[in-house]
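As structure tokens, the structure follows; a few thoughts come after it.
Bear in mind that the values in this text are calculations on the coordinates, not laboratory data. Please read these numbers as outputs of a predicted model, since none were measured by experiment. So basically every Cβ, Gly included, is an ideal-geometry build from the backbone, and we count neighbours across all protein chains shown.
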Amino acid sequence: MDPGGGVERTDRSLLGAGEKVLLVDAKKRRYLVTLRPDAGFHTHVGIVAHNDLIGAYEGSTVLGSTGRRFLVVRPTLAEMVLKMPRGAQVIYPKDLAAILMEADIAPGMEVLEAGVGSGALSMAMLRAGASVVGYELREDFANRAQNNVTAVVGSDAPYRVELRDVYDGIDERGLDRVVLDLPEPWRVVAHAEVALRSGGMICAYLPTINQTSHLRQVLESSAFGMASTLEVLHRTWHIEERSVRPDHRMVGHTGFLTTARLLRPEALGSRPGIPGPPPTEPVAGDRPVADDVDREDGSPGGADRPDGTAGGTPDGIDGVEFA
Ligand code: SAH
């Protein structure tokens with residue numbers, strides 16, 4: 001059995017010319033390299049011949065010219081995002097992941113994204129299978145995003161960037177999602193109302209809670225409902241023999257993520273967020289209700305159950321028949 005093996009290897013393990021790989025040295029320094037026949041990658045601890053990497057297994061090691069070993073793997077999307085050329089500040093991988101779930105980006109969806117910046121969010125949504133049209137104010141960013149997307153997702157990705165101001169309007173119609181990473185997303189709410197299909201979602205990523213609060217106010221008097229805001233706290237751990245603890249440093253703050261759904265006019269009166277009549281029965285227990293979804297028998301989601309367990313599933317949706 002090969003070391004680290006046990007699983008039958010497939011051709012997908014073999015590295016090919018033109019691919020991007022990550023070389024990791026003994027000190028865990030990482031280098032992003034594009035494999036080209038006969039080229040050499042120069043580090044301060046020697047040269048690694050690309051020909052030794054082309055045809056090698058992902059997950060193997062190669063020897064550099066001075067006898068040092070380098071581990072070779074393909075970079076993940078998160079690693080690419082943090083290493084690719086950037087002009088604008090990219091969205092952190094932890095937030096990219098949350099956007100894919102919160103905005104429910106899925107294969108075949110038509111997404112309008114503004115602004116595209118360096119294209120990190122574009123890549124994540126394209127990799128999730130969406131078709132993306134980007135609006136971007138700056139030509140240098142639009143070009144960089146397109147180059148980054150071509151390098152990471154491929155030149156046949158369903159991706160187009162237009163040089164324009166999204167605050168002036170959106171030409172597309174029947175969109176599934178409008179995803180925004182720019183300073184004043186509230187100026188896009190009215191445009192998104194006509195560009196999205198009913199049930200479609202708007203999603204905005206903002207650095208401050210003041211901006212987020214303003215966006216929520218504007219959404220409150222729009223055709224959008226079911227608004228929700230979150231931030232992602234991400235803490236890595238140091239795990240080494242008997243020292244197992246959180247790492248000392250973490251990214252303290254990146255941004256707030258807000259989503260809302262476009263509703264039909266008749267649904268707007270009853271949308272969550274608009275205070276309804278007071279409850280006729282008191283909510284059992286003092287646990288906060290996980291969200292606004294009640295069980296089918298009419299009892300509130302999130303309330304304590306008679307058996308003493310906490311009510312409310314982690315997703316906050318109770319009383320659902322899942323068949
Ligand atoms: N989400 C991107 C980063 C976006 S940075 C990424 O992950 O790489 C914000 C971008 O919005 C900038 O490139 C800026 O030029 C663009 N922008 C700001 N206002 C805009 C507007 N009104 N219309 C289109 N793009 C805009």
key: Least to most buried among T43, T212, T76, T259 (fewest other Cβ within 10 Å first)   = T76, T43, T212, T259
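For E241 and Y31, what does the FRET efficiency come to when R0 = 22 Å and r is the distance between their Cβ atoms, rounded to the nearest 0.05?
On the way: r = 28 Å, r/R0 = 1.28.
Using R0 = 22 Å, I get an efficiency of 0.20.
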query = Can you list the residues, at least 5 places off or on another chain, whose amide H is less than 5 Å from the amide H of T43, using H built in the peptide plane?
reply = V48
query = Short version: ³J(HN,Hα) in whole Hz for each residue of the stretch 255-260, in order, from phi by Karplus 6.51 cos²θ - 1.76 cosθ + 1.60 (θ = phi - 60°), x for Gly and Pro, what are they?
reply = x, 9, 10, 10, 10, 7
request  = Could you tally the net charge around A195, taking each other residue with its Cβ under 15 Å from the Cβ of A195, Lys/Arg +1 and Asp/Glu -1?
outcome  = -3
note = Check: C-alpha center the stretch 170-190 vs C-alpha center the stretch 34-78, spacing in Å is 43
message = Report D for the stretch 14-75 in µm² per second (integer): Stokes-Einstein, Kirkwood Rh on Cα pairs, 10 °C, 1.306 mPa s.
response = 143
inquiry  = Please rank R12, R164, R197, fewest neighbouring Cβ atoms within 10 Å first, as an exposure proxy.
reply    = R12, R197, R164
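Could you rank the peptides 20-32, 119-131, 143-155 by their average count of other C-beta atoms within 10 Å per residue, with the highest value first? Kindly include the intermediate steps, with their values, before the conclusion.
Values: 20-32: 14.8, 119-131: 23.5, 143-155: 18.3.
The packing order, highest mean first, is 119-131, 143-155, 20-32.
Estimate the FRET efficiency between S13 and A97 by the formula 1/(1 + (r/R0)^6), using the beta-carbon distance for r and 22 Å for R0, to the nearest 0.05.
Working: r = 25 Å, r/R0 = 1.15.
My answer for the efficiency is 0.30.
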task = Give the long-range amide H neighbours of A88: residues separated by 5 or more places, or on another chain, with amide H under 5 Å away, using H modelled in the peptide plane at 1.01 Å from N.
result = S118
